[in-house]
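Worksheet for the structure shown next.
The values are calculated or read from the model by the stated rules, or taken from the named source; none is laboratory data. Predicted model, so just to flag it, every value in this text is computed and none were measured. For neighbour counting, all protein chains shown are included, and Cβ atoms are generated from backbone atoms with ideal geometry for every residue, glycine included.
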Amino acid sequence: MKLFKHKFSRKNKWLIFLGIIVVFIAWCFLDKPSLKGDWQEQLMVISTAEFDGDFVTVRNVRNFRYFPNETDVHLAYYDRTYDLNQVKKIWYIAEPFDEGSIAAHTFVSFEFNDGNFLSISIEARKLKGQEYGIWRGLLHTFPLVYIAADERDTVLSRANILKNKVYVYPVKLGKPENARLLLVDMLRRMNELTTTKPAWYNTVFANCTSLIAGHINKLDSGRISIFSWQLLFTASADELALKQGLLDTDLSIQEARKKFYINEISERVWDVPEYSNAIREK
C-alpha cells in the first residue's frame, strides 16, 4: 500500500509539473499586450510607416529636446518621406548604461544621400510611474515598441543629457540592397506591433539587441547565433558585431570604441541642424 501511494504521489507530482508547463506555455502565446495605456511621455505617440513604391512616409518621427536636463522635455514630432533607393549607410549605436555595466541600449540609424538620418530604437513601452527591470522584462510587463526618431533625440540626449557613453559605428552588410531591405523590414515590424501583431518585450528573447540580430539574420540566415551571450549581456554586443564582420572597420574593439566614441564632439556641437554629420566628422 505504501509503495502504491509513493508511486501514485510521484505520478501526481509529474502531472502537476507538466500541467504548470502547459499553462505557462499557453499564457506565453495567448497573453497579448494592450495598445492602450497611460504611457510615459516619450513612448506615448507611436511611429508608423506608409509605403508607396520606392518611397516611405514615416509618421511621428520623435524629435524631443531635453534641456537644461532630462526632466525638462520639449515635445516635438515630424512626418518625413524617404526615398528607399537613397539609403546610403547604416550605423549601429551602442549606449552602455554605466561604467563597467554588462548592459547597454543598442539601436540603428539609417543615413540617406540627401543628408537625412532616421533612427529606429527598439524599446520596452512603459506606463507612467513604471520603471524598467530585468526580471519584470521577463514577465509580460512591457509591450514591445519600435520608435522612429531624429538623432538629435536618440543620440544627443544620451550623450549630452544623460552623459552615457555613446558609440556610433558604421555598418557593413555586404550587398548594397541590404540597407534598404533592413530598413523596410524594421518599418514593417514597427507597423505590425501597433496593429495586427502586438508583442511583449522580453529581457532575454526580445530585447533591443536580439531583435536587431533577428532582422540581420533575415538578410543573411544564421549570421548571428541566437545563442550568442552578447545578445543578453548587451554591453558587449558591439564586440559580437565586429567579430561577425558587421562593423565597417579593421580595428580591434578597443580601438574601434576609441575611434567611434562621439560624446566629446557631441557636447561641443550640441543641437545644430547638421548634428548627425558633425558627430561623424573625425
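Some values worked out for this structure:
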item: Subset of the range 204-222 [part of a loop (DSSP other than H, G, I, E, B) and farther than 18 Å from Val184 by Cβ]; result: Val204, Phe205, Asn207, Gly222
item: From the options Arg152, Arg136, residue that is touching a residue at least 40 places away in the same chain (Cβ under 8 Å) and not acidic (Asp, Glu); result: Arg152
item: Any hit, the range 245-257, residues being in the same structural domain as Asn69 (by TED's automatic domain parsing), modelled with pLDDT of 95 or more and within 28 Å of Phe64 (Cα to Cα); result: yes
item: Selection within the range 238-274 - among the small types (Gly, Ala, Ser) and farther than 23 Å from Asn160 by Cβ; result: Ala241, Gly245, Ser252
item: Only one of Asp52, Asp114, Asp79 that is free of Cβ contacts under 8 Å to residues at least 12 places away in the same chain and either in the same structural domain as Ala237 (by TED's automatic domain parsing) or surrounded by fewer than 16 Cβ atoms within 10 Å (Cβ to Cβ) (or both); result: Asp52
item: Elements of type helices (runs of 4 or more DSSP H) in the range 227-282, at least 2 residues being loosely packed, with under 13 Cβ neighbours inside 10 Å; result: 253-259, 263-269
item: Exclusive hit being under 18 Å from Val171 (Cβ atoms) and free of Cβ contacts under 8 Å to residues at least 24 places away in the same chain, set Lys218, Lys243; result: Lys243
item: Close pairs (6 angstrom Cβ cut-off, 6 or more residues apart or separate chains): small (Gly, Ala, Ser) in the range 158-171, at pLDDT below 95 and part of a loop (DSSP other than H, G, I, E, B) anywhere; result: none
